[in-house]
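What follows is one structure encoded as structure tokens, with my remarks underneath.
The values are calculated or read from the model by the stated rules, or taken from the named source; none is laboratory data. Small disclaimer: the values here were computed from a predicted structure and weren't measured. Note that we place each Cβ from the backbone using ideal geometry, even for glycine, and neighbour counts take in every protein chain shown.
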Amino acid sequence: MKPETLDKLYREHLMRALRPPVSAHVVAWQTRLQLIWMETAVGAGIDPGTTERTWVWSDLHLEHAGIIRHGDRPHPDVHAMDAMLLRAWGEHVNADDTIVCLGDVTLAEPSARILSKLSTMPGRKLLVAGNHDFLPAQEWPKTYGFDATAPTMVCNAGPTLLLTHEPLEAVPPGCVNVHGHIHGPGGEVSADHVNVCVERTGYEPVRLSELIRRIRSDRTR
């Protein structure tokens, strides 16, 4: 299935999920999403030949103390959590690698300290915009110094991977939806979903080639 088609499916899913608008915040998010969709490349692609040098994870929620309880994270405080996540990033990702975050890098406006840290982290940084990657007055998501931002990314690696923030309701045949947004321990949404929230990845980014191997292995059982 073409990246443009998968991207359209996810956009339609989000707009259904946001209707009817339940608050001014939701109305604002709808508007910002639509602006992103008009201004970014549809179905941004990840070259299958680069999967050994590409890493993926989601929902770091840096500086968000409440996520420790909400996501059942094993950190004593937000400072320890941030230090562990950024250390894992630095230990796994090389300067010539690519790292993809599937949304929610922080919760609110990141501090100058975190922005400075993110700017020095290794790798080409790609962001799939999540629901917390917006500020109230923004028409564009927070980019944290990332090199590119898109609503979705696609890797035609066999199976086709659709990378999103929220899980897609119905995944097309032959595809796997790699997503975040759902926190804490637990099972997958379905056999066609893979959750890469940091709670599910051991608080470390996952090499995309390894993720593909796991998916293929699960599908042959």
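Brief remarks follow.
- Any hit, the stretch 126-134, residues being among the aliphatic types (A, V, I, L, M) and surrounded by fewer than 21 Cβ atoms within 10 Å (Cβ to Cβ): no
- For the stretch 60-76, the candidate set comprises residues that are in a helix (DSSP H, G or I) and free of Cβ contacts under 8 Å to residues at least 60 places away in the same chain; within that set, the residue that is farthest from ARG200 (Cα to Cα) is GLY66.
- Residue satisfying all of: in the stretch 135-149; under 14 Å from the mean Cα position of the chain (by Cα) and at pLDDT below 90; surrounded by the most Cβ atoms within 10 Å (Cβ to Cβ) among these: PRO141
- The stretch 31-68 - residue that is hydroxyl-bearing (Ser, Thr, Tyr) and over 20 Å from ALA95 (Cα atoms) and, of those, modelled with the highest pLDDT: THR31
- Scan of the stretch 46-56 for residues that are surrounded by 14 or more Cβ atoms within 10 Å (Cβ to Cβ) and either touching a Phe, Trp or Tyr at 6+ places or on another chain (Cβ under 8 Å) or not in a helix (DSSP H, G or I) (or both), ordered by number: ILE46, THR54, TRP55, VAL56
- Positions within the stretch 69-122 being crowded, with 17+ Cβ neighbours inside 10 Å and basic (Lys, Arg), in sequence order: ARG73, LYS117
- For the stretch 110-125, the criterion of being out of contact with any helix residue (DSSP H, G or I) (no Cβ under 6 Å at 6 or more places or on another chain), of a type outside the set (Phe, Trp, Tyr), without any contact (Cβ under 8 Å) to a residue 40 or more places away in the chain and part of a strand (DSSP E or B) is satisfied by at least one residue.
- Looking only at residues of the stretch 85-108 that are touching a helix residue (DSSP H, G or I) at 6+ places or on another chain (Cβ under 8 Å) and free of Cβ contacts under 8 Å to residues at least 60 places away in the same chain, we find that the one that is nearest to PRO167 (Cα to Cα) is VAL105.
- Only one of the numbered conditions (1) in contact with a Leu (Cβ under 7 Å, 6 or more places away or on another chain); (2) buried (at least 20 other Cβ atoms within 10 Å of the Cβ) is violated by ASP59, and that is (1).
- Residue in the stretch 82-103 that is more than 19 Å from GLY184 (Cβ to Cβ), at pLDDT below 95 and of a type in the set (S, T, N, Q) present: no
- So ALA95, is it out of contact with any Gly (no Cβ under 9 Å at 6 or more places or on another chain) and either in a loop (DSSP other than H, G, I, E, B) or under 23 Å from GLY49 (Cβ atoms) (or both): no
Listed here are the residues, each with its yes/no results for (1) farther than 20 Å from ASP7 by Cα; (2) of a type outside the set (Ser, Thr, Tyr).
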| residue | (1), (2) |
| --- | --- |
| ASN156 | no, yes |
| THR164 | no, no |
| GLU169 | no, yes |
| GLY174 | no, yes |
| ASN177 | no, yes |
| GLY180 | no, yes |
| PRO185 | yes, yes |
| VAL189 | no, yes |
| VAL198 | yes, yes |
